[in-house]
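Taking it in order: structure first as structure tokens, then the write-up.
The values are calculated or read from the model by the stated rules, or taken from the named source; none is laboratory data. This one's a predicted model, so the numbers in the text were calculated from it and none came from an experiment. FYI the Cβ positions are ideal-geometry reconstructions off the backbone, even for glycines, and counts take in every protein chain you see.
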Amino acid sequence: MYTVPKPSAASGSRLNSETGPAISEPGESKELNIVPKSRLRTKESLFADVAFRSLVSLCAVALVGTVGLILFGLISQSHLSLSKFGFSFLIKTIWDPVEENFGALPFIYGTLVSSLVALIIAVPLSLGTALFLTEICPRRLRAVLSLLVELLAAIPSVIYGLWGIFVLAPFLRVYVEPFLAKTLGWTGLFTGPKYGFGMLAAGVILAIMILPIISSITREVIRAVPRQQREAALALGATRWEMLRMSVLRNARSGILGAVILGLGRAFGETMAVTMVIGNRPEIAKSLFAPGYTLASVIANEFTEAVGDTHLSALTEAALVLFAITLVVNALAGLLVWSITRGAPSRTLA
Amino acid sequence: MPNLPSRNIHWRRRLSNGLALGAFTLAALIVTVPLFLILATVVYRGLPALTWSFFTQIPKPMGEIGGGMANAIVGSMMLLAVASGIGIPLGIGTGVFLAEYGRNKWGNIVRFTADVLNGVPSIVIGMTAWALVVVTQRHFSLLAGSVALGIMMIPIISRTTEEVLLMVPQPIREAAWGLGIPHWRTTLSVVIPTASSGIVTSIMLAFARIAGETAPLMFTAFGNAFWNMKLNEPTAALPLQIYRYAIMPYEQAHQQAWTAALVLITIIMLTVIVFRWVAGRGMIKGAV
């Protein structure tokens with residue numbers, strides 16, 4: 001990740017920008033490999049060097065091993081369900097612990113739709129926030145505002161859920177859902193009984209939760225756009241918005257897409273808050289007012305109470321599906337962000 | 001960014017510029033609203049029951065007045081302590097590996113894996129800890145919960161440690177080598193102490209992340225209505241208790257849940273603000 005960056009305009013601007021002392025100064029990473037080859041080296045010090053290196057390598061191996069263990073555990077535990085239901089697990093809508101017949105489609109649907117609702121709300125807001133913070137905001141206000149956004153990321157999921165149950169869901173039921181039903185009811189997305197709890201509530205909660213991560217990574221990406229690009233646009237007489245559109249957003253678009261996908265990955269795996277507000281009913285309904293269920297919530301709700309081996313196995317397979325989806329999504333996003341900033345994803349609080 | 005100098009800009013361009021910049025400002029304002037709403041609600045509903053007994057007593061059965069969450073607070077602390085015992089050494093070790101020996105293919109593999117682990121949903125990590133510890137022990141335990149939380153700490157600490165170690169100026173290392181100090185000794189006595197404030201903040205960052213985690217504890221630590229000080233017994237934890245109480249149909253339970261939320265959020269916010277404050281002036285300025 002910190003391989004020698006090409007001496008391009010991008011790395012030059014990162015040195016100037018406020019990211020502070022750039023970690024990847026050209027050439028630095030190569031020098032790190034120079035271990036002094038002292039001729040006077042005693043046997044003990046050679047041994048100590050090798051021992052130290054082995055020790056820290058062992059830690060790294062443990063990390064890789066943990067991920068391997070997660071994967072192995074999921075596959076071996078879900079073996080029963082994998083062999084019994086095969087591919088049909090992904091497309092069946094039945095979830096019946098009594099008859100031991102399991103299909104995960106309602107959960108996959110719930111996971112995708114609630115996260116999609118979250119993205120629709122969160123993406124414009126977090127892009128706007130990122131642009132405001134990097135391009136418009138006065139320096140003093142910037143520190144405060146970015147701290148506030150970070151604090152939003154620090155609120156535990158279960159507290160979002162608590163707030164969702166007692167504040168957000170009643171608010172949606174009394175004010176938002178009747179309004180949506182009246183104005184947008186014709187689309188079919190906002191019809192049916194108004195519980196407050198349901199896909200819409202889950203989407204709104206998730207949106208609040210993924211706002212910080214999308215906006216902070218977008219900020220990193222926007223900052224990585226070379227200053228010369230902006231200056232060129234301004235010099236040609238562009239207004240500030242035209243400059244942002246033509247040089248900043250255009251250059252940063254794949255990184256911004258990466259930030260959005262990373263937020264999506266976070267939304268897929270979110271458990272507590274969603275479980276507390278989504279209504280937990282394994283159904284596929286067109287209306288966003290209707291209760292739903294996600295992969296993570298079904299695991300949270302049923303895992304300790306699973307009775308038969310097949311039930312347990314099916315829940316583990318649900319976890320495997322979730323793991324696979326988040327893995328693909330995160331890898332894709334990491335690649336996109338990395339292509340712009342060379343290593344930014346790890347630099348965010350969220 | 002300089003403001004527009006020229007006056008003869010077409011009104012349409014001027015309008016779209018104003019609209020766009022206004023929209024961004026509005027977005028930033030809207031984003032801060034939920035934070036204040038949530039904080040205000042937690043304080044408003046949690047404060048009334050924030051009494052001394054909340055910190056000293058264990059939960060009473062529903063219907064009885066009083067009771068506190070002393071066991072959950074202590075349980076959370078013990079979970080964090082044991083999790084740190086797992087996560088901090090492995091995280092720092094991996095970070096050192098990445099910074100000092102990881103400029104190659106293996107380093108990239110480890111880096112990628114750390115990012116993967118960081119993205120694994122916490123409930124899936126909980127399941128792994130369940131399969132590893134609970135299944136072999138045959139009962140829920142504090143240890144199992146700590147393993148889950150410890151695993152979550154590793155990628156956070158290792159990636160931040162790597163970054164702060166890489167920020168230690170190269171000449172410092174070279175000076176040590178020039179004195180004939182072997183590489184391991186340079187790392188331990190020169191590089192790590194130089195970066196120590198950054199490493200400490202990375203640990204606090206990891207704390208803030210896992211202190212509020214509920215999902216990985218549901219089928220590992222499980223929760224407990226009484227005191228538990230043993231490693232291999234189920235234990236109460238603050239976030240778990242909030243969840244259990246929030247979904248109970250009793251007003252009194254909800255009250256306790258809000259108070260617990262207030263305590264938890266205060267601890268976490270303080271950690272994050274201190275983290276920011278230290279990060280703003282220490283080694284890892286720019287890393288956050």
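Restricting attention to helices (runs of 4 or more DSSP H) lying wholly within the stretch A:105-207, give those where 1 or more residues are within 30 Å of B:Met248 (Cβ to Cβ), under 16 Å from the mean Cα position of the chain (by Cα) and within 7 Å of chain B (Cβ to nearest Cβ).
Working: elements: A:105-131, A:139-154, A:157-163, A:177-184.
The helices (runs of 4 or more DSSP H) meeting that bar are A:139-154, A:157-163.
Consider the stretch A:51-91. How many of its residues are touching a Leu at 6+ places or on another chain (Cβ under 6 Å) and in contact (Cβ under 8 Å) with a residue 12 or more places away in the chain?
Step one: filter the stretch A:51-91 for residues touching a Leu at 6+ places or on another chain (Cβ under 6 Å), giving A:59, A:62, A:67, A:74, A:78, A:91.
From the residues that got through so far, the ones that are in contact (Cβ under 8 Å) with a residue 12 or more places away in the chain too are A:74, A:78, A:91.
Total meeting the criteria: 3.
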Selected residue (criterion: farthest from A:Ile159 (Cα to Cα)) from residues of the stretch A:208-225 that are surrounded by 24 or more Cβ atoms within 10 Å (Cβ to Cβ) and touching an Asp or Glu at 6+ places or on another chain (Cβ under 9 Å)
A:Ile222
Looking only at residues in the stretch B:213-233 that are under 16 Å from B:Met77 (Cβ atoms) and out of contact with any helix residue (DSSP H, G or I) (no Cβ under 6 Å at 6 or more places or on another chain), which one is nearest to the other protein chains (Cβ to nearest Cβ)?
B:Asn224
Would you confirm whether or not the stretch A:285-303 contains a residue that is touching a His at 6+ places or on another chain (Cβ under 8 Å) and more than 10 Å from chain B (Cβ to nearest Cβ)?
yes
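Any residue at all in the stretch B:275-283 that's outside any helix (DSSP H, G or I), at pLDDT below 90 and closer than 30 Å to B:Ser197 by Cβ? Let's see the steps before the verdict.
Just the residues of the stretch B:275-283 that are outside any helix (DSSP H, G or I), to begin with: B:282-283.
Adding the requirement that they be at pLDDT below 90 leaves B:282-283.
Remaining after also requiring closer than 30 Å to B:Ser197 by Cβ: B:282-283.
Yes: one or more hits.
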Considering only the stretch A:49-73, state which residues are of a type in the set (A, V, I, L, M), surrounded by 16 or more Cβ atoms within 10 Å (Cβ to Cβ) and facing chain B (nearest Cβ under 7 Å).
A:Val56, A:Ala60, A:Ala62, A:Leu63, A:Val64, A:Val67, A:Ile70
Please work out if A:Leu262 is within 11 Å of chain B (Cβ to nearest Cβ), touching a Pro at 6+ places or on another chain (Cβ under 8 Å) and assigned to a helix (DSSP H, G or I).
yes
Here are B:Ile157, B:Ile199: which of them is in contact (Cβ under 8 Å) with a residue 12 or more places away in the chain and away from chain A (no Cβ under 11 Å)?
B:Ile199
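Quick grid of which residues meet (1) within 19 Å of the chain's Cα centre (by Cα); (2) of a type in the set (Val, Ile, Thr); (3) buried (at least 21 other Cβ atoms within 10 Å of the Cβ); (4) modelled with pLDDT of 95 or more:
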| residue | (1), (2), (3), (4) |
| --- | --- |
| B:Thr94 | yes, yes, yes, yes |
| B:Gly119 | yes, no, yes, no |
| B:Gly126 | yes, no, yes, no |
| B:Trp130 | no, no, yes, no |
| B:Gly150 | yes, no, yes, yes |
| B:Glu162 | yes, no, yes, no |
| B:Pro169 | no, no, no, no |
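Here is a check on your reading of the model: is B:Ala246 surrounded by 21 or more Cβ atoms within 10 Å (Cβ to Cβ), within 11 Å of chain A (Cβ to nearest Cβ), more than 18 Å from the chain's Cα centre (by Cα) and not charged (D, E, K, R)? Before the answer, list the steps.
Values: surrounded by 21 or more Cβ atoms within 10 Å (Cβ to Cβ): yes; within 11 Å of chain A (Cβ to nearest Cβ): yes; more than 18 Å from the chain's Cα centre (by Cα): yes; not charged (D, E, K, R): yes.
Spelling it out, B:Ala246 is indeed surrounded by 21 or more Cβ atoms within 10 Å (Cβ to Cβ), within 11 Å of chain A (Cβ to nearest Cβ), more than 18 Å from the chain's Cα centre (by Cα) and not charged (D, E, K, R).
Having 2 or more residues that are more than 7 Å from every other protein chain (Cβ to nearest Cβ) and of a type in the set (S, T, N, Q) is the bar; report the helices (runs of 4 or more DSSP H) wholly within the stretch B:1-111 that clear it.
B:52-56, B:70-96
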Test each condition in (1) touching a residue at least 12 places away in the same chain (Cβ under 8 Å); (2) away from chain B (no Cβ under 11 Å); (3) over 29 Å from the mean Cα position of the chain (by Cα) for A:Arg240 and report the one that comes out false.
(2)
Can you tell me how many residues within the stretch B:115-124 are at the interface with another protein chain (Cβ under 7 Å from one of its Cβ atoms) and more than 13 Å from A:Gly68 (Cβ to Cβ)?
6
Taking the stretch A:280-313 as the search range and keeping residues that are under 21 Å from A:Leu172 (Cβ atoms) and of a type in the set (Val, Ile, Thr), which one is farthest from the chain's Cα centre (by Cα)?
A:Ile284
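Can you go through A:Gly161, A:Gly188, A:Gly192 and tell me which one is buried (at least 21 other Cβ atoms within 10 Å of the Cβ) and of a type outside the set (A, V, I, L, M)? Before the answer, list the steps.
Numbers: A:Gly188 fails: buried (at least 21 other Cβ atoms within 10 Å of the Cβ); A:Gly192 fails: buried (at least 21 other Cβ atoms within 10 Å of the Cβ).
Exactly one residue qualifies, and that residue is A:Gly161.
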Residue check for B:Ala237: under 20 Å from A:Leu162 (Cβ atoms), touching a Ser or Thr at 6+ places or on another chain (Cβ under 7 Å) and at pLDDT 90 or above
yes
